[in-house]
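Here the structure is laid out as structure tokens; the discussion comes afterwards.
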Amino acid sequence: MTTSRILIVAGSDSGGGAGIQADIKTATMLGAHAMTAITAITAQNTLGVDAVHAVPTDMVMAQVDAVVRDIGVDAVKIGMIGSARTAHALADRLRDLRGIPVVFDPVMIATSGARLADEATVAAFERLMAVATVATPNLPELAALGGVDPILERGCAVLAKGGHGAGEVLVDRLHQRGAGVAPLVEWSSPRIDGMATHGTGCTLSTAIACELAREWTLAEAIGRARGFVRIAMLGADELGRGAGPMAQQGCGWTSTSRAGRRC
């Protein structure tokens, strides 16, 4: 059995519901090895974010370089980025990792409504989209980035997540350009009632990275990742007084790659 090596560049959530904590749980349950470069430390719980401390760019990049040169990497997930300088430095480094799938979750606002990226950092997202395989914005993030077409023009696919839309049916849409791919793929599913919504975007993007590392196509990886997220939401206990964490640790999930590897 070959273990996929997933590099996660994201912020830490002291409440354990989102960020690095959700990412590690997701990768572990999908049989991958999670490596991390922490971009920010947050003091938060299910009710909101109390404080954010960005990790200096040099330290973020030292984390990236340390694991890449020793352990190697099969896929990258990018979440909360911390600062514009870190975004630019990371984009430069990822250019050297040719052929490695990169999933970019353009985190701007926490589930609680707290802003997690300033205007300069959001502007620097363009550099990360240029090296990403797919960006996974929710609807407000998609609007802030100017819509689907400007992201596609950067060269990456766009998974427009429909969780912020109205209605009882949630629709996610994958937009792609290029030969041999469907320009639009849609998934729809009933909205899950409940408060276990903290970390859904983090979990989905990390799960996509794990599945891409196992050689699934992008559409296949997204479909499998969506299934994992739904199971984690349905199995969650009610923890905290606000938007609670999911239950990645309760997912009995088996993943097989196209090459026949099983975790």
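Please verify whether V60 is open to solvent by less than 30 Å² (accessible area, probe 1.4 Å), among the aliphatic types (A, V, I, L, M) and more than 30 Å from G242 (Cβ to Cβ), treating the condition exactly as stated.
no
Can you name the number of the only condition in (1) within 15 Å of the chain's Cα centre (by Cα); (2) under 20 Å from V49 (Cα atoms) that T121 fails?
(1)
Just to be sure I understand, how many residues within region 27-64 are among the aliphatic types (A, V, I, L, M), modelled with pLDDT of 95 or more and touching a Lys or Arg at 6+ places or on another chain (Cβ under 8 Å)?
Number satisfying all stated conditions: 4.
Regarding L90, is this residue more than 29 Å from M195 (Cβ to Cβ) and within 17 Å of the chain's Cα centre (by Cα)?
Criteria met by L90.
Can you pull out every residue in region 66-75 that is open to solvent by 50 Å² or more (accessible area, probe 1.4 Å) and either closer than 20 Å to H88 by Cβ or part of a loop (DSSP other than H, G, I, E, B) (or both)? Let's see the steps before the verdict.
Step one: filter region 66-75 for residues open to solvent by 50 Å² or more (accessible area, probe 1.4 Å), giving 69-71.
Of everything in region 66-75, just one residue is open to solvent by 50 Å² or more (accessible area, probe 1.4 Å) and either closer than 20 Å to H88 by Cβ or part of a loop (DSSP other than H, G, I, E, B) (or both), namely I71.
Please determine, by comparing only the residues of region 88-104 that are at pLDDT 95 or above and of a type in the set (A, V, I, L, M, F, W, C), which one is surrounded by the fewest Cβ atoms within 10 Å (Cβ to Cβ). I'd like the intermediate steps shown before the answer.
Filtering region 88-104 down to residues at pLDDT 95 or above leaves 88-94, 100-104.
Restricting the remaining residues to those that are of a type in the set (A, V, I, L, M, F, W, C) gives 89-91, 94, 100, 102-104.
On the way: A89: 18, L90: 27, A91: 22, L94: 23, I100: 20, V102: 25, V103: 31, F104: 29.
Here the residue is A89.
Restricting to region 25-53, name every residue that is out of contact with any Phe, Trp or Tyr (no Cβ under 9 Å at 6 or more places or on another chain) and over 22 Å from G242 (Cβ atoms).
Within region 25-53, A27, T28, A32, H33, A34, M35, T36, A37, I38, T39 meet the criteria.
Taking region 186-199 as the region of interest, how many residues are touching a residue at least 60 places away in the same chain (Cβ under 8 Å) and either farther than 23 Å from S14 by Cα or not in a loop (DSSP other than H, G, I, E, B) (or both)?
Selection size over region 186-199: 1.
Any residue in region 27-41 that's on the phi > 0 side of the Ramachandran plot: show its pairings with residues that are outside any strand (DSSP E or B) and among the hydroxyl-bearing types (S, T, Y) at Cβ separation under 8 Å, as long as the two are six or more apart or on different chains.
Cβ pairs passing all conditions: G31/T3; G31/S4; G31/S255.
The values are calculated or read from the model by the stated rules, or taken from the named source; none is laboratory data. Everything numeric here is computed off the predicted structure, so don't read it as measured data. As a convention, Cβ positions derive from the backbone with ideal geometry for all residues, glycine included, and neighbour counts pool all protein chains shown. Surface areas here come from the heavy atoms of the whole protein model, side chains and all, with no ligands, DNA or RNA. Shrake-Rupley method; radii C 1.70, N 1.55, O 1.52, S 1.80 Å.
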